[in-house]
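The values are calculated or read from the model by the stated rules, or taken from the named source; none is laboratory data. Treat the numbers as computed from the prediction; the structure is a model and nothing was measured. Cβ placement follows ideal geometry from the backbone for every residue including glycine, while neighbour counts extend to all protein chains displayed. Ligands, DNA and RNA are stripped out before the accessible areas are found, and what is left, the full protein with its side chains, is counted by its heavy atoms. Shrake-Rupley method; radii C 1.70, N 1.55, O 1.52, S 1.80 Å.
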Amino acid sequence: MKINRITLREIRLPLVDFFETSFGRTQERRVLLVEIQGGDAVGWGECVAGEGPFYSDETVDTAWLILTQLILPSVLKWSFDRPTEFQELVGRVRGHRMAKGCVEAALWDLQARELEVPLWELLGGTREKIACGVSIGIQKSPDALLEKIERELLAGYQRIKIKIKPGWDVEIVRLVRDSFPDISLMVDANGAYSLEDVGQLRELDPFGLLMIEQPLSYDDLLDHSKLQAQIDTAICLDESIRHARDAAHALELQACRIINIKMGRVGGPSEARRVHDLCQEQGIPVWCGGMLETGIGRAHNIALSTLENFSLPGDVSAAKRYYERDTVLPPVEVTSDGFIIPPKTSGLGYEPDLPWIEKLTVRRQDFPDTVS
Ligand code: OSB
Ligand code: MG
């Protein structure tokens, strides 16, 4: 299939509520959307880079630069049989995985639509429903946190993840456990601790947490391995896993027992699938992480989550938790018992709401540059 036209847009939209992690607070999202036309179809992708270099070194602006100057010009007029070939095309660009990832994702959607099959089927997925959990940020008060957890449980979510950082950890987890003794609960530190905090982290062991996500530095494997040997709670790696080779090294080092897969973080659906397959071979469960995506990114996460080894509930939740109005129709929603049913229609199975996206757009670049 030959690529004829590409549009890159930046949209801005406020979050319903601020989202706070150990690395900072987000109130408004800046999101890049890529639309790629080839054959008789159009595919969409969403870049998960953040507003600042706090989760990873990529940002919305670095992604814009790399996409407009290097990646999209090389994709225009390019022909491919399989979306996986894209990684060879851009292989000389090191890093910038979130920038690359949204383009590869759009190519998958494009091909699925061209073939008139659901994207999840093209990816090789088998799950007919996706178990959903939620990620709850650091709140203004412990009471506000308890209230939020209560609301999400009532909505049907199957697993609660709370963000922790030094000063908002053991006592908060104790409070949550006292209030909700039986829920499936986990914590995410986004790299806020160091190996010297092992004493503090061991204090989490009695609370029966499903896992602790990324306790140590975003770029570390070795210290996680040392930590895992000293705590009972399973470590799950997020930031530290940039590709399948990192995952292989992490497992060899026993740096974690679970891996969170985010397609943006690892550079696209094909690398995400590689991490998934490797973990499956080694008996390591995975789950799909989230990056406060709007519906387009969410729909890609849903498709990915249908792969067999996504055996734990993901941070794949309804769009309305974050945005008043989603970028796709119908909006991504969750059943009252906490599942998302992957659509049977072709491609993503959710349609980008183009008039709404146009309204939210603050900058746009077309390939070829069609003005005149
Ligand atoms: O660490 O999983 C994370 C959001 C932004 C950056 C990093 C993370 C998160 C989340 C939110 O936890 C998950 C979601 O999209 O619901
Ligand atoms: Mg995380």
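Spacing of the modelled spin labels on Glu358 and Glu196, each 7 Å from Cα toward Cβ, amounts to 5.7 nm.
With the gyration tensor restricted to C-alpha atoms of the range 267-372, the semi-axes of the equivalent ellipsoid amount to 29, 19, 12 Å, longest first. Taking the charge dipole of the chain about its Cα centre, with +1 at Lys and Arg Cβ atoms and -1 at Asp and Glu Cβ atoms, the residue from Ile138, Pro285, Gly124 reaching farthest to the positive side is Gly124.
Taking 18 Å as the cut-off, the amide N atoms of the range 36-67 that come nearer than this to a point 7 Å along the Cα-to-beta-carbon line of Thr370 belong to 36-45. Across the range 1-69, the mean sequence separation of Cα contacts (distance under 8 Å, 6 or more residues apart), normalised by length, yields a relative contact order of 27 percent. Using a Gaussian network model of the chain whose springs link C-alpha atoms within less than 10 Å, name the residue from Gln27, Gln37, Gln139 with the highest mean-square fluctuation. Among Gln27, Gln37, Gln139, the largest GNM mean-square fluctuation belongs to Gln27. Stretched out straight at 0.36 nm per residue, the stretch from Thr126 to Asp337 would grow longer than its current Cα-Cα span by 74.0 nm. Of the Cα atoms belonging to the chain, the radius of gyration and Dmax stand at 19.8, 67 Å. Sparsely packed loop sites in the range 21-105 (the trypsin sites (Lys or Arg not before Pro) outside DSSP H, G, I, E and B with at most 14 other Cβ atoms within 10 Å) comprise Lys77, Arg92, Arg94. Among the trypsin sites (Lys or Arg not before Pro) in the range 328-372, those placed in a DSSP loop whose Cβ has at most 14 other Cβ atoms within 10 Å are Lys344. Within the range 87-151, the GluC sites (Glu not before Pro) that combine a DSSP coil assignment with at most 15 other C-beta atoms in a 10 angstrom radius are Glu116, Glu128. If you take every DSSP beta bridge whose two residues both sit in the chain, what share of them, in percent to the nearest 5, is antiparallel? Rounded to the nearest five, the antiparallel share is 60 percent.
How many lysine pairs in the chain, separated by 8 or more positions in sequence or lying on different chains, have Cα atoms less than 18 Å apart? So the count works out to 14. GNM on the chain, C-alpha springs below 10 Å: top fluctuator among Ser240, Ser336, Ser311? Between Ser240, Ser336, Ser311, it is Ser336 that shows the largest mean-square fluctuation. Of the solvent-accessible surface of the chain, computed with a 1.4 Å probe over protein heavy atoms with every protein chain present, carbon and sulfur atoms account for 49 percent. The Cys residues in the chain with no partner Cys Cβ within less than 4.7 Å of their Cβ are Cys132, Cys236, Cys256, Cys279, Cys288. Stretching Glu116 away from Val16 to a fully extended chain increases their span by 32.5 nm, per 0.36 nm per residue minus the current alpha-carbon distance. As a calculated quantity, the FRET efficiency between Glu252 and Ile231 at R0 = 25 Å, using C-beta atoms, amounts to about 0.85. Averaging the Cα positions of each part gives two centres, and for the range 105-135 and the range 148-221 these lie 30 Å apart. The mean sequence distance of close C-alpha pairs (under 8 Å, at least 6 residues apart), as a share of the length of the range 122-340, puts its relative contact order at 23 percent.
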